[in-house]
Each structure stands twice: as structure tokens, then as C-alpha cells.
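Input: a single structure, listed below in C-alpha cells.
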Amino acid sequence: MSEPRTLTINILRFDPHDKNDVPHIESFKVKEADGMTLYVVLNEIREHHDNSLKFDFVCRAGICGSCSMLIDGRPGLACRTLTKKLGSTITLAPLPLFELIGDLSVYTGKWMRGLNERLETWIHDKESSFNVDALEERMEPEVADAIYELDRCIECGCCVAGCGTIQMRENFVGAVGLNKIARYHLDPRDKRSDEEYYEIIGNEEGVFGCMTLLGCEDVCPKELPLQSKIAYLRRMMLKTAL
Ligand code: SF4
Ligand code: F3S
Ligand code: FES
């Protein structure tokens, strides 16, 4: 059996709350183990090298979306990235565009909350909103499946970090926002009209801002069909505008 590799982990470190700190790279050596993920690497660094290292995680299973970061320059989830898929020198940096908490920890939750409030990502049932006794409307299984597929978004922010448009249009809702709108538009319980959807995303901060750069779908760890959903929304919006 071959000797395990020694990995060099370069981490971009910075504490924005310490006015004496400046962004800098720190390197750590870690012995690779079988089935090792970057999440395990980071824990090892925190345990054996530097317990001040900041990074986020909750589920360790690609479900919560909190461990997203730049891995060799590409957005991804630390807990779903095996070191064996990477070279022996790995560079980690926080996701750009989101508020930096420190080191690899960013405040994606704040950005996502703002997005959800802006797009009103909840069922708009104009008639019986608060009638708890009302029977739920029957839904065809194919429709439920299609909604479930889009509901798999874990709000990790990888598609936002991988999208060049947001660098130019800071209020662009990104693939995550467009995916959410596609999800609610599919849902027969949501009674918003196409014109109301147009008001929300029929503009340059919405579907007409997307320049089809395709980075979003490339980096989405849940492999959501972002491209086809954006194309569908664009067609729907153009039809509404005519
Ligand atoms: Fe993450 Fe994909 Fe959702 Fe974007 S669409 S936030 S990349 S899961
Ligand atoms: Fe950005 Fe994806 Fe459109 S990367 S420009 S949202 S196709
Ligand atoms: Fe939850 Fe990685 S820790 S997605």
C-alpha cells in the first residue's frame, strides 16, 4: 500500500472585526486519510493546529448548505469534497459576495433571508390563507415531484459565488432566486398571476439580468436544472410582456 499523502492546505484568513488584521494565507500540513473530506481536514486543523480557525458546518451531509467555500477557486461544499479528488496542495477561501464573518465563515443566511423576503418565497393563497380547517388542494404527483426537485436547493450560495453577473449587478437575484420563483410558479397553490411574477423578476435584477454564463449550474452541489428553469422563466416573462 502506498504511503498516505501529506496535504498542504492554504487558507485565506482574515478577521474583519480586528482592525489590525489583513487578509493573508496560512498553510497547514495534514496527513490524508481514507475517505477524507475537506470538512474533516478543517476539523483536524482546528483541533491540532489552530483552534481559532473559523468555518461553518451543521449537517456534514450536504444538506444544510453552510460549509460552502472556494475550493481551489471553485465554489463547493467542504463536507462533500473528498481530498482524493484534489491535488496535494489545496487552497481554501471564503465565498465571495457574502458578508465575511471570519476566515472561511460567511453570512449566507442573511443574504438568503433578504432574497426570500424580496421574492416573497411563500405560498400566496388569496382566499383561505388562515383557514386551518380548509382541505389541502389535491396535487398531481408529477407536479409534486417537479416542485420537490426544485425544493432541493440548500441555499448554499455556490451559484451566487459562481455567477459573474452579480459582480456587475449587485441586486441580481442569481440562479438561487430564479430557481425559487420557478418553484412557486409551478405550485398550483400559489395564486400569483404571471403579471405579478413579472413585477418581481421581469427586469434586469431578475431573469433579464442573467447573461447565460452557466457557472451556476456547473457549481450547484445539488445538480439542480438551473439552466432549463431560467430559460423557462425567460420564455414565460417574454410572453407576459407581449
Ligand atoms: Fe446552492 Fe444550487 Fe441552491 Fe444555488 S441553486 S443555492 S448552488 S443548492
Ligand atoms: Fe449567472 Fe447562471 Fe445566469 S451563472 S448569468 S445565473 S446562467
Ligand atoms: Fe451541511 Fe456541509 S455541513 S452542507
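The values are calculated or read from the model by the stated rules, or taken from the named source; none is laboratory data. Not measured: the values here are computed from a predicted model. Cβ placement follows ideal geometry from the backbone for every residue including glycine, while neighbour counts extend to all protein chains displayed.
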Item to complete: Hey, can you tell me all the residues within the stretch 161-196 that are of a type outside the set (S, T, N, Q), within 16 Å of ligand 2 (Cβ to nearest atom), in a helix (DSSP H, G or I) and at pLDDT 95 or above?
Response: A161, G174, A175, V176, G177, L178, K180, I181, A182, R183
Item to complete: Quickly run through the stretch 39-51 and pick out the residues that are touching a residue at least 12 places away in the same chain (Cβ under 8 Å) and surrounded by fewer than 16 Cβ atoms within 10 Å (Cβ to Cβ).
Response: H49, D50
Fill in: Whichever residue in the stretch 138-177 is small (G, A, S) and surrounded by fewer than 20 Cβ atoms within 10 Å (Cβ to Cβ) and, among such residues, is farthest from the chain's Cα centre (by Cα)
A144
Response to the item:
A careful count of residues in the stretch 1-58 that are at pLDDT below 95 and hydrophobic (A, V, I, L, M, F, W, C) gives 1
Worksheet item: Of the residues that make up the stretch 197-204, is at least one assigned to a helix (DSSP H, G or I) and within 24 Å of D56 (Cβ to Cβ)?
Response: no
Worksheet, complete the sentence: E155 passes all but one of the listed conditions (1) at negative phi; (2) in a loop (DSSP other than H, G, I, E, B); the exception is number (1)
Discussion item. Quick check on this structure: which one of R13, R80, R74 is in contact with a Gly (Cβ under 9 Å, 6 or more places away or on another chain) and under 14 Å from G102 (Cα atoms)?
Written reply: R13
Worksheet item: Out of (1) closer than 19 Å to R74 by Cα; (2) surrounded by 14 or more Cβ atoms within 10 Å (Cβ to Cβ), the odd one out for I181 is which?
Response: (1)
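For (1) among the polar types (S, T, N, Q); (2) within 13 Å of ligand 1 (Cβ to nearest atom), each residue gets a yes or a no:
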residue: G162; (1), (2): no, yes
residue: M168; (1), (2): no, no
residue: R183; (1), (2): no, yes
residue: Y198; (1), (2): no, no
residue: N203; (1), (2): yes, no
residue: T212; (1), (2): yes, no
residue: D218; (1), (2): no, yes
Worksheet entry | Flag if F208 is farther than 24 Å from D56 by Cα and within 10 Å of ligand 2 (Cβ to nearest atom) | no
Discussion item. So the check is Cβ under 9 Å with 6+ separation or different chains; which pairs have a first residue in the stretch 19-38 that's within 20 Å of G62 (Cα to Cα) and free of Cβ contacts under 8 Å to residues at least 60 places away in the same chain and a second one that's surrounded by 10 or more Cβ atoms within 10 Å (Cβ to Cβ) and of a type in the set (G, A, S)?
Written reply: T37/A78; L38/G76; L38/A78
Worksheet item: Looking at the stretch 69-80, is at least one residue buried (at least 19 other Cβ atoms within 10 Å of the Cβ), farther than 12 Å from Y39 by Cα, away from ligand 2 (no atom under 16 Å from the Cβ) and at pLDDT 95 or above?
Response: no
Item to complete: Out of the residues in the stretch 81-103 that are touching a Ser or Thr at 6+ places or on another chain (Cβ under 9 Å) and aliphatic (A, V, I, L, M), state the one that is surrounded by the most Cβ atoms within 10 Å (Cβ to Cβ).
Response: L95
Worksheet item: Any chance the stretch 70-84 includes a residue that's of a type in the set (D, E, K, R), over 22 Å from R152 (Cβ atoms) and without any contact (Cβ under 8 Å) to a residue 60 or more places away in the chain?
Response: yes
Response to the item:
In the stretch 130-152, residues that are assigned to a helix (DSSP H, G or I) and among the charged types (D, E, K, R) total 4
